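The values are calculated or read from the model by the stated rules, or taken from the named source; none is laboratory data. As the structure is a prediction and not an experimental result, all values here were calculated from the model. Methodologically, a virtual Cβ is constructed for each residue, glycine included, from the backbone with ideal geometry; neighbour enumeration extends over all protein chains shown. Please note that ligands, DNA and RNA were not included when accessible areas were found on the heavy atoms of the full protein model with its side chains. Shrake-Rupley method; radii C 1.70, N 1.55, O 1.52, S 1.80 Å.
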Amino acid sequence: MRIVLVGPPGAGKGTQAAYLAKNLSIPHISTGDLFRANISQGTPLGKQAQEFMKAGELVPDEVTVGMARDRMSQADAAEGFLLDGFPRNLDQAKALDEILAAEGTALDGVLDLEVPEDEVVKRIAGRRTCRSDSSHTYHVEYKKPKTDGVCDECGGELYQREDDREETVRKRLEVYHRETEPIIDYYRAQGLVVTISALGKVAEVTERAMAALSREAV
């Protein structure tokens, strides 16, 4: 299956993508991983991306599209893939259609994870991160530390990252509504979109997603 996963920040796309890719036996291709891999390997596209990032500028669509094209051409993606974070806007969505059409394939479905905006803000703004080890994360409601403000693992101080502050989250949501949400209508016109609620436990959302994708594939 060739699937695009969409949803607002805080919808749990990364978590669901990992589970879905494993269940479907296809690679999970995320924009973040594409950038990290190309930059660390010093590819021409990675060098271009790094130059823009160092200058504090957005990486042009053609660079992102080029990275995605290269990754989708790898052997493990021959039978399908799950795209997470790409396409991010209409131009990228149209470029993806062109790439797949040139290969004689097409998307099988677009999975839209739906979460109310207030829940998104609560999920992200409630995150707390350990200053000593950023891999240790907590939540003021969903994953409380044993001692308030202290990491269970190493005793480090827990703090709220700038990216997790409510005002930052709302700005990210504005960007999502303006740039990414239009691709849902674009794909809906092609009959590809299945929308599910991303509320509930991780396993419940995964089960919901698998059922929706199974119906889409029939």
### Query
So how much slack lies between Ala211 and Glu157, counting 0.36 nm per residue of separation and subtracting their Cα-Cα distance, in nm?
15.3 nm
### Query
How much length is gained on full extension from Ala55 to Arg165, taking 0.36 nm per residue of separation minus their Cα-Cα distance?
37.2 nm
#### Entry: Gained length - Asp133 relative to Ser25, 0.36 nm times residue gap less alpha-carbon distance
35.7 nm
#### Entry: Cβ-derived FRET efficiency at R0 45 Å, Thr147 paired with Gln74, nearest 0.05
0.50
### Cα-projected label distance for Glu204 with Val175, points at 7 Å along beta-carbon direction, nm
3.1
### Task
Give the calculated FRET efficiency between Ala18 and Ser197 to the nearest 0.05, with a Förster radius of 25 Å applied to their Cβ-Cβ distance.
0.85
### Message
With both bridge residues required to lie in the range 82-218, what share of the DSSP beta bridges run antiparallel, to the nearest 5%?
### Response
60
#### Entry: Accessible-area composition of the chain, carbon plus sulfur, in percent [1.4 Å probe]
48
### Task
Return the FRET efficiency for the residue pair Asp185, Asp91: r is the Cβ-Cβ distance, R0 is 22 Å, and the value is rounded to the nearest 0.05.
0.90
### Query
If you compute volume of the Cα convex hull per residue in Å³ for the structure shown, which of (i) 141; (ii) 126; (iii) 117 do you land on?
(i)
